[in-house]
Every structure is written in C-alpha cells, then in structure tokens.
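Take this structure first; my questions come after.
The values are calculated or read from the model by the stated rules, or taken from the named source; none is laboratory data. Just so we're clear, the structure is a prediction, and the values are computed from it rather than from any experiment. Using ideal geometry, Cβ is built from the backbone for each residue, glycine included, and neighbour counts are taken over all protein chains shown. Side chains are part of the model used for accessible areas, which takes the heavy atoms of the whole protein and leaves out ligands, DNA and RNA. Shrake-Rupley method; radii C 1.70, N 1.55, O 1.52, S 1.80 Å.
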Amino acid sequence: METIIKKADGNNIDPEVLMQAGDIIKKGGLVAFPTETVYGLGADALNPLASSKIYAAKGRPSDNPLIVHIYRTEDLYKIAENISEDALKLAEEFWPGPLTMIFHKKAIVPYETTGGLDTVAVRMPSDKIAMEFIKAAGGFIAAPSANLSGRPSPTSAAHVIEDMNGRIDMIIDGGIPVIGLESTIVDMTERVPMILRPGYVNGEMIKEVLGRVSYDPAVFCENEVVGKAGLKPKAPGMRYRHYAPKGELVIVRGDRETVTAYIKKGIKNALKEGSRVGVITAEENSKVYSDATVLLDIGSRNREDVIARRLYSVLRECDEKCIDYIYSEDFDTPRMGQAIMNRLIKAAGHNIIEV
Ligand code: TXA
Ligand code: MG
C-alpha cells in the first residue's frame, strides 16, 4: 500500500488534509497523527474492523487495548459508564492534555478496541492537529502509539515513516510532540483512582485535585524479583517488553562520581573486546565519556522536559548506530523522573546496576 504523507501546521491547518484524513478513517482506514505526547496510529474506534487493522499494522498482541481519543468532554458519556465526580474533576483540570482515564465501557465500543475488556481508556489530547483530526474523523479515534510493537514510541514523523510506511493509509506530519512520553493512565474503576502508567501528569498533581491517588504496584517494579512475586501490571501494554534497543542497555545508578568511574571502565573493557559502546548521558557529563563509540547526549539535568522529549529518539539512535553495549546514567528528575525512569527501565529490561 502507498502511504500518503502530508505536512500540517497546528496554527494553520489545511482543511483539505483534514478532510482527506477524516475520509480515510470513515472508510475504515488508518491514519497516523501527532499528539502532544507521541504520534498515534488512528482508526475509527467504533468500527471493529478498523480497530483490528491497527493490531495488524503494528504487530501488536490483540489482548492489548487501545485508547479512545475524543475532542470534547461531552462525548465521554457516549462511550463510558459510571463517570464519577473524581473523573469529572480530573477532566476539568487536565483535559485536553496528557491524561488517559479508564472507565466501564458502553456497548457501542467494540471489544476489538478494548482488547476484549469491559473497560475503555479515554483521552482528550491538546494538540491542535489531533483535535481537528478527531473532529473531522467522526469524534472517536482508537489510537496506540504509531510504532511497530516493541519499538520506542515515535516522537517525530520520521520515526512513524520508519515503522509504518507502506503499512497504513496516511501520515500527518505535525512536527515534534512537546512532551515526548505517553500520557499518564489513571484507572477510574478502582475505589481510589489508580495510576497504571506514569506520565507528564504526575501523582502529586492528581492528588492535589482529588486529595488521594493510588499506584499500580507494578509501576515501581524495578527488578525481576518483583515480577516473580506475581505483580502483573494492570495495563496490559505495560506487561510487554517495550522501547528496547537491540543492543544491551544497562542503567548505572549511584552517586555521580562512582557512576562516571564505573561507566568509563565499562567503555574501556567494551572497546578492548572490539564492541561498539554508547553512553546515554546528561549534557553536564558528556565530555567525561569522550572515549565512547557513540555519545548520546539527552540534555541538561536542569531541563527534564528536554530529557523526556529526547528519550525515544536517543533509544532509536542506539539501533541506527548499531551499538552493542549501551550504558545509561539515571535521570530521576523532580517532576517527570518517575515517567522517564519507568520507560528507561523497561527499555533496559530491568537491567540496573547500583554502584
Ligand atoms: O499518550 C498516549 O497515551 C499515546 C497517544 C497516541 O495518545 N497513546 C498510547 O497508546 O500510548 P498505547 O496503545 O501505546 O498505550 C496504551 C496503554 C497500553 O499499555 C494499554 O494496555 C493500556 O493503555 N490500556 C488501554 N486500555 C486499557 C484498559 N481498558 N485497561 C487497562 N489498560 C488499558
Ligand atoms: Mg505504545
């Protein structure tokens, strides 16, 4: 299949591009589109055949549910049941924006969209192109991240083209998403709203609005031991190996100087073996690792927004540059650190060394 690729400017969206994208969705096709978090791969959420195509295009396991994207809060009532006061408070505060909420689903939402579950995940993105696209396409867009299953989520149209060219009908190129990490997921069917996936909207922010919040214990699952204890993440997508580069990625944690010394020694040994070695490092430390085959500068420790935005690009770069061993510092920054480290630890397959 030939994939149509069209550029769009959020401040001046070409109505013809929107109409073309909307038509494709209404006919049951697939369109990748930008959001403020990562690019999504959209289909008509209320059309079971269209949703099924998403799984085929991504190579995604069919029990991994999709998020339904809407463009106005009133549409929530068409697809979800038991919408609590708490949910309305969170919608009021964080929609449109990088927050996904899980509700009991209405019958109109097909099981193909929810991966067989009786619940549905709903999000209202703030990106202008996303909003207009959802509107033009009928109001209910099922969309996972627009990457091949297992690859890092796409944070540029180039990433989407890499993974999806020839597999979907259209890609809308709207530039670089401002956040760069997927939305926070909160399960509103739990007695105390429960964070299943950390994101830009963090636990503190939710607690400030609701006075309470809980976490899926698997969010903190940093090593296999916890996995063996039977902690299964409640969001099916968090159970799969994800975001992983092909080379072996290790996160090194501890006080700065010890970490630096450890990684420098690692570089030396890897080079001796004839391996290509990369280091994911904060800008402040980038000179220290000048011996590495590839230096992956993720941005300043004072700019966690930049670190979040660059993370998936950096992970993709590890593959482009065929790196065998990748060392990473940790980036436990104040606001988004939990989300950043959640993705990085997954990418490393829980491979963490405390020094
Ligand atoms: O920021 C985002 O959320 C992006 C953009 C495109 O909006 N989308 C995204 O979708 O990250 P995806 O499919 O890559 O991740 C959705 C996650 C998966 O881990 C999935 O298992 C979980 O949400 N999920 C969806 N519906 C669920 C449900 N009913 N119950 C529990 N987890 C659910
Ligand atoms: Mg994804």
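Is it the case, given these coordinates, that residue 41 is more than 9 Å from ligand 1 (Cβ to nearest atom), modelled with pLDDT of 95 or more and within 25 Å of residue 99 (Cβ to Cβ)?
Working: more than 9 Å from ligand 1 (Cβ to nearest atom): no; modelled with pLDDT of 95 or more: yes; within 25 Å of residue 99 (Cβ to Cβ): yes.
No; evaluated as a whole, the condition is false for this residue.
Same structure, new question: Taking region 37-95, which residues are in a strand (DSSP E or B) and either under 18 Å from the mean Cα position of the chain (by Cα) or closer than 23 Å to residue 199 by Cβ (or both)?
Of the residues in region 37-95, the ones in a strand (DSSP E or B) are 40-44, 67-69, 80-81.
Across region 37-95, the qualifying residues are 40, 41, 42, 43, 67, 68, 69, 80.
From 160, 186, which residue is more than 30 Å from residue 320 (Cα to Cα), more than 10 Å from ligand 1 (Cβ to nearest atom), touching a residue at least 60 places away in the same chain (Cβ under 8 Å) and touching a Pro at 6+ places or on another chain (Cβ under 7 Å)? Outline the logic, then answer.
Working: 160 fails: more than 30 Å from residue 320 (Cα to Cα).
Residue meeting the stated conditions: 186.
Does residue 183 satisfy the condition of being open to solvent by less than 10 Å² (accessible area, probe 1.4 Å), in contact with a strand residue (DSSP E or B) (Cβ under 9 Å, 6 or more places away or on another chain) and polar (S, T, N, Q)? Explain how you work it out, then say what you get.
On the way: open to solvent by less than 10 Å² (accessible area, probe 1.4 Å): yes; in contact with a strand residue (DSSP E or B) (Cβ under 9 Å, 6 or more places away or on another chain): yes; polar (S, T, N, Q): yes.
Judged against the criteria, residue 183 is a match.
Restricting the search to region 1-27, which residues are surrounded by 14 or more Cβ atoms within 10 Å (Cβ to Cβ) and closer than 15 Å to residue 130 by Cβ?
Within region 1-27, 6, 8, 10, 13, 17, 18, 21, 22, 25 qualify.
Being among the aliphatic types (A, V, I, L, M) and open to solvent by 40 Å² or more (accessible area, probe 1.4 Å), is that true of even one residue in region 85-94?
There is at least one residue in region 85-94 that is among the aliphatic types (A, V, I, L, M) and open to solvent by 40 Å² or more (accessible area, probe 1.4 Å).
Considering only residues of region 96-127 that are outside any loop (DSSP other than H, G, I, E, B) and within 6 Å of ligand 1 (Cβ to nearest atom), which is nearest to the chain's Cα centre (by Cα)? Don't jump to the end; show me each part of the working.
Quick first cut of region 96-127, residues outside any loop (DSSP other than H, G, I, E, B) only: 99-105, 111-114, 119-123.
Now drop any that are not within 6 Å of ligand 1 (Cβ to nearest atom), which leaves 100, 102, 114, 119-121, 123.
Values: 100: 12, 102: 16, 114: 18, 119: 20, 120: 18, 121: 14, 123: 13 Å.
That would be 100.
Let me ask another. Taking region 286-305 as the region of interest, how many residues are out of contact with any Asp or Glu (no Cβ under 7 Å at 6 or more places or on another chain) and surrounded by 15 or more Cβ atoms within 10 Å (Cβ to Cβ)?
In the first step, residues of region 286-305 are kept if they are out of contact with any Asp or Glu (no Cβ under 7 Å at 6 or more places or on another chain); the result is 287-295, 298, 302-305.
Now drop any that are not surrounded by 15 or more Cβ atoms within 10 Å (Cβ to Cβ), which leaves 288-289, 292-295, 298, 303-305.
Residues that pass the stated criteria total 10.
Considering only region 130-158, state which residues are away from ligand 2 (no atom under 16 Å from the Cβ) and in contact with an Asp or Glu (Cβ under 6 Å, 6 or more places away or on another chain).
139, 157
Filtering region 251-266 down to residues that are open to solvent by less than 40 Å² (accessible area, probe 1.4 Å) and not in a strand (DSSP E or B), which residue is farthest from residue 280 (Cα to Cα)?
Taking the candidates together, the pick is 254.
Away from ligand 2 (no atom under 16 Å from the Cβ), of a type in the set (Val, Ile, Thr), assigned to a strand (DSSP E or B) and out of contact with any Gly (no Cβ under 7 Å at 6 or more places or on another chain), is that true of residue 161?
Details: away from ligand 2 (no atom under 16 Å from the Cβ): yes; of a type in the set (Val, Ile, Thr): yes; assigned to a strand (DSSP E or B): no; out of contact with any Gly (no Cβ under 7 Å at 6 or more places or on another chain): yes.
The answer is no for residue 161.
Let me ask another. Pairs under 8 Å by beta carbon, first residue closer than 30 Å to residue 121 by Cα in region 235-262, partner among the aromatic types (Phe, Trp, Tyr) and within 16 Å of ligand 2 (Cβ to nearest atom), six or more apart or different chains?
From region 235-262, the pairs are 243/312.
Mind counting the residues in region 95-113 that are hydroxyl-bearing (Ser, Thr, Tyr) and surrounded by fewer than 22 Cβ atoms within 10 Å (Cβ to Cβ)? Talk me through it step by step, then tell me what you get.
Our first condition is that a residue be hydroxyl-bearing (Ser, Thr, Tyr); within region 95-113, this holds for 100, 111, 113.
Still in the list and also surrounded by fewer than 22 Cβ atoms within 10 Å (Cβ to Cβ): 111.
Residues that pass the stated criteria total 1.
Now, a different point. Got a sec? Which of 63, 118, 127 is within 16 Å of ligand 2 (Cβ to nearest atom), acidic (Asp, Glu) and in contact (Cβ under 8 Å) with a residue 12 or more places away in the chain? If you could, list the steps in order and put the result at the bottom.
Working: 118 fails: within 16 Å of ligand 2 (Cβ to nearest atom); 127 fails: within 16 Å of ligand 2 (Cβ to nearest atom).
Only one candidate passes the filter, namely 63.
Mind telling me which of the residues 176, 171 ends up being away from ligand 1 (no atom under 12 Å from the Cβ), farther than 15 Å from residue 144 by Cα and at pLDDT 95 or above?
Details: 171 fails: farther than 15 Å from residue 144 by Cα.
Only one candidate passes the filter, namely 176.
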